[in-house]
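Here is the structure we will look at.
The values are calculated or read from the model by the stated rules, or taken from the named source; none is laboratory data. This structure is a prediction, so every number in the text was calculated from the model and none was measured. In this analysis, Cβ positions are derived from the backbone assuming ideal geometry, glycine residues included, and neighbour counts consider all displayed protein chains. For the accessible areas, the whole protein counts, side chains as well, though only heavy atoms, and no ligand, DNA or RNA atoms are used. Shrake-Rupley method; radii C 1.70, N 1.55, O 1.52, S 1.80 Å.
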Amino acid sequence: MTVNELEVLRNKVDEINLQILRLLNERAVVVKAIGQQKNLQGTKRFDPVRERQALDMIAANNEGPFETSTLQHIFKTIFQASLELQEDDNRKALLVSRKKKQENTIVDVKGELLGNGTQTFVMGPCAVESYEQVRVVAQAMKEQGLKLMRGGAFKPRTSPYDFQGLGIEGLKILRQVADEFDLAIISEILNPNDIEMSLEYVDVIQIGARNSQNFDLLREAGKVNKPVLLKRGLAGTIEEFINSAEYIISQGNDQIILCERGIRTYEKATRNTLDISAVPILKKETHLPVVVDVTHSTGRKDLLLPTAKAALAIGADAVMAEVHPDPAVALSDAAQQMNIPEFHKFMAEVKGFRDALAGAQLVR
Ligand code: PEP
Ligand code: MN
């Protein structure tokens, strides 16, 4: 073969490559249209029966010289890439995604900013039990210069016979104490029908882990002009978590705070397993602020400080923990709430750690 002949053959291959390239992209356009149709119909993108038919068609029509198995392998790679193309499209479309909005969403809770690069704290009792109980915690928070107070009035309890919270009475107590100390209130709402009523009392609507996929509740919270603190589901994946936030934002409310609170795993040493890497993943994938609840994730007082430090070091916008004047007699989560002296000690250490990080510009 002369040099010239080789050149001709190579040119031919180049030409065929370009044809394949054009055909692959032509195919990709059709595949994307199929993906959109499937989305509209709510059907799954991967269809194994359809893929089997396509592979059989290749086998039936293969005249060589390639082995059928080789060709099927190549085509499977093309199918897989097409599927990823469809999924990528879907992710791009999410309103909570960084791809949709580059800059951080900053949630303003009565002047306290979440998502602006400073790191703050959400503290308060597990449940509202009395005016006096909430007042003692509020006083301690005020001494620490904190603004964001949590406290459950509607408690989602595992047993129907356990304390279910004071309901509206609890919200009234929270509001009264908050106004007295100029604090902002974060409280869980369980029922979509209570969202409207809660606006009068709370500054942030909390949607709890057990309701992370209560789509009616998410949609209702998406319709109001009030920040929402959304917790990750008990065994929720990050993708499910992000989609839950999407339910809220899709209704118009973009003031969403994501809260990692641990997930259920086989590990029994802690109440849940704190998924610390969820923080940078959520910060990367979405534009929303991320809070780490060290109380419900660990369920252990001895782990509150180290996990809070880890949360701050990894870039959480805030840390949440529970405080009770007398945890031993608390009506819920008695074992894991800090008492007031423990709270002050915790705050001193964790604030020192935060300020050191900020000073060294280690976070962001
Ligand atoms: C809470 O924060 O009061 C609570 C019930 O937590 P979770 O929904 O994460 O279990
Ligand atoms: Mn609790």
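Candidates are the residues of region 276-307 that are under 20 Å from F121 (Cβ atoms) and acidic (D, E); the one that is farthest from ligand 2 (Cβ to nearest atom) is D302. Counting only residues that are away from ligand 1 (no atom under 14 Å from the Cβ) and among the small types (G, A, S), which one in region 283-334 is surrounded by the fewest Cβ atoms within 10 Å (Cβ to Cβ)? Filtering first and then ranking leaves A328.
The residues of region 308-324 that are out of contact with any Phe, Trp or Tyr (no Cβ under 9 Å at 6 or more places or on another chain) and either more than 15 Å from ligand 2 (Cβ to nearest atom) or over 27 Å from V109 (Cα atoms) (or both), listed by number, are A310, A311, I314, G315, A316, D317. Over 30 Å from T265 (Cβ atoms), free of Cβ contacts under 8 Å to residues at least 24 places away in the same chain and part of a helix (DSSP H, G or I): does that describe D179? Yes, satisfied. If you filter region 11-43 down to residues that are open to solvent by 90 Å² or more (accessible area, probe 1.4 Å) and among the basic types (K, R), you find that the one that is nearest to I74 (Cα to Cα) is R22.
Here is a yes/no grid of residues against (1) out of contact with any helix residue (DSSP H, G or I) (no Cβ under 7 Å at 6 or more places or on another chain); (2) open to solvent by less than 30 Å² (accessible area, probe 1.4 Å); (3) in contact (Cβ under 8 Å) with a residue 40 or more places away in the chain:
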| position | (1), (2), (3) |
| --- | --- |
| L218 | no, yes, no |
| E240 | yes, no, no |
| R261 | no, yes, yes |
| E267 | yes, no, no |
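Quick check on my filter: what residues within region 316-337 are touching a helix residue (DSSP H, G or I) at 6+ places or on another chain (Cβ under 6 Å) and hydrophobic (A, V, I, L, M, F, W, C)? Residues satisfying the conditions are A316, V319, A321, V323, A334. Considering only residues that are over 19 Å from N39 (Cα atoms) and surrounded by fewer than 13 Cβ atoms within 10 Å (Cβ to Cβ), look in region 85-107 and name the one that is modelled with the highest pLDDT. The extreme case among them is E103.
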